[in-house]
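This report refers to the structure that appears directly beneath it.
Every read-out reported here was derived from the displayed coordinates using simple, explicitly stated rules and does not represent laboratory data. Not measured: the values here are computed from a predicted model. Note: ideal-geometry Cβ built from the backbone for every residue, glycine included; neighbour counts use all protein chains shown.
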Amino acid sequence: MSSDLTALAKNAYIFGYPFVYDLNEVIKQTTDPNNMMAGPVNTFRHATKLAGPEDTFVSINNDTLYSIAHCDVTSEPLVLHVPDTQDRYYVMQFVDAWTNNFAYVGRRATGTAEGSYLLAGPAWQADAPAGMPVICSLTNVFTIVGRIAVSGAADVPAVEALQAELWLTPLSRYPERPDSSERRKGDWQIAPWDERVPEELRFWEQLRAWMKRFPAPAGDQAFVQSLAPLGVLDATSPYVNADSAVAGLLQAGAQAGQAEIEAITRSGQAPPVNGWSSALHTFDYNLDNFQIGAIDAPEWKVADRSTSYIHRAGAARAGLWGNHGYEAFYAWVYVDDANEQMNGTRKFRLHFATLPPAEAFWSVTMYDMPSYYLAANPLERYSIGDRTPGIRYNADGSLDIYIQHDSPGTGTEANWLPAPEGDFRPLIRMYQPGASVLAGDYELPPVRRVE
């Protein structure tokens, strides 16, 4: 019986991992003044510089300036205003508490003209202002992850001007613009949980408490009900003075679940091609809510709901708040052409005979391991791509990128992606990927070891 409960706990952990991880990140960003994107709820916080190694967020990009808002529409809807970016790439990605991407506003989905959108929760049924599109979340708390393309430090002021015109305001005050001075960090809670629970069982307590406020989608409810023997459906916490045997099996289940999440993080969902694991369909686990800009089509859904749980957990672990593949394509590589883990003690070359087909732009970003943070280097270059100043193409239009810890020399330094001393994992992004990428026809080249 204990083995059955441990297996159930493992599956429950995989199911709940992205949910608990997401909400803890939301709490940090709305209550911790030391967080890199700290700010009150229902308010955008804007990055004013490209991310660097000091920004400890998993697989953060170095291509765009982030504008992030954690929204709570429990009491009333919000109105989102977006500026005219004049064809500059941007996306406002909507992520619910279960980490489902359920809507997109931006260059691909809605164009780049100025606009306003009504944002509401699952119970809202009134009328929106005339002509205003509505975006509904299945959870009353959700996150808007905004990204606006920036081409280096000189371009930052132009993006800051756009950020100043990106705002949220309660529906009752629209069209009045918000007064952020009225909002304070630390005066808002997602949902209470029993803080007497010991650290080793905190995950289970948070899962229990938070599921009450943010129920899983209807299609998940049969699985949720099967978790009753673990205590996560109890009205009050069973984990404050949990029996040692129960605590042990819950911890064992969590450890087994975490190991499975780590495994899929490295392997992806399909066999690697030339060492690269594609995230083209990594974020296809949303099966229930498709709003503006989210594609409701079989090819962008995980066929089996139970399989979607491990995909969702792996996505949260390696790339929380990543976009669907049709918005931005991601692929990562751990090994070189000899199928060995890449490490800063060696030198590598990435040769693009055909450049990555992206309708907006593309980049390759360097991350350390095991944290997946940007890798510090003397050039302060954390990514390289088609917008990198001075990058040199070969006479036939191909491109070589040099990946190593030490400089490859002044003649090739413009094409150098600095690597850390230890193990590393590069990641390529294609914003608005081309048709050949979406069809799976474009193959990324291997990272070749240079002897």
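One table, with the values for the structure above:
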| read-out | value |
| --- | --- |
| Radius 13 Å from Cβ of R448, net charge of other residues (Lys, Arg +1; Asp, Glu -1) | -1 |
| Label zone at D400 (point 7 Å along Cα-to-Cβ), backbone N below 19 Å, region 328-345 | 336-338 |
| Assigned charges on the beta-carbon of Lys, Arg, Asp, Glu; region 266-450 dipole about Cα centre (debye) | 280 |
| Around T112: net Lys/Arg minus Asp/Glu count, Cβ-Cβ under 14 Å | -1 |
| Simple label model, 7 Å out from Cα along Cβ direction - Q221 to R177, nm | 4.4 |
| Nitroxide proxy distance, nm - points 7 Å out along Cα→Cβ at D32 and D4 | 4.0 |
| Lysine pairs within the chain, Cα separation less than 29 Å, 8 or more sequence positions apart or different chains | 9 |
| Cβ-defined net charge surrounding V335, 14 Å radius [Lys, Arg +1; Asp, Glu -1] | +1 |
| Geometric extent, Cα atoms of region 266-450 - Rg, Dmax (angstrom) | 16.8, 53 |
| Paramagnetic reach from E54 (point 7 Å along Cα→Cβ, amide N under 12 Å) across region 143-160 | none |
| nm² value of the averaged projected area, convex hull over the Cα atoms of the chain | 22.7 |
| Ranked T169, T74, criterion: other C-beta atoms within 10 Å, fewest first | T74, T169 |
| Additional length obtainable on full extension of the chain from K212 to E76, 0.36 nm per residue less Cα span | 47.0 nm |
| Relative contact order, percent, region 100-212 [alpha-carbon distance under 8 Å, six or more residues apart] | 14 |
| In order through region 165-177: 3J(HN,Hα) via Karplus (6.51 cos²θ - 1.76 cosθ + 1.60), integer Hz, x for Gly, Pro | 9, 9, 8, 10, 8, x, 4, 5, 10, 5, x, 5, 6 |
| Per-residue HN-Hα couplings for region 146-151 [Karplus 6.51, -1.76, 1.60; θ = phi - 60°; Hz; x = Gly/Pro] | x, 9, 10, 4, 9, 9 |
| Stretch gain in nm, segment E200-N241, where the contour uses 0.36 nm per residue and the Cα spacing is subtracted | 13.5 nm |
| Dipole magnitude of the chain, debye to nearest 20 (Cβ charges: Lys/Arg +1, Asp/Glu -1, about Cα centre) | 100 |
| Cα coordinate range in region 1-103, projected on the principal axes (Å, largest first) | 61, 38, 29 |
| All Cα pairs of region 77-150, percent lying beyond 15 Å | 54 |
| Relative contact order (percent, whole number), the chain, Cα cutoff 8 Å, 6+ residue spacing | 18 |
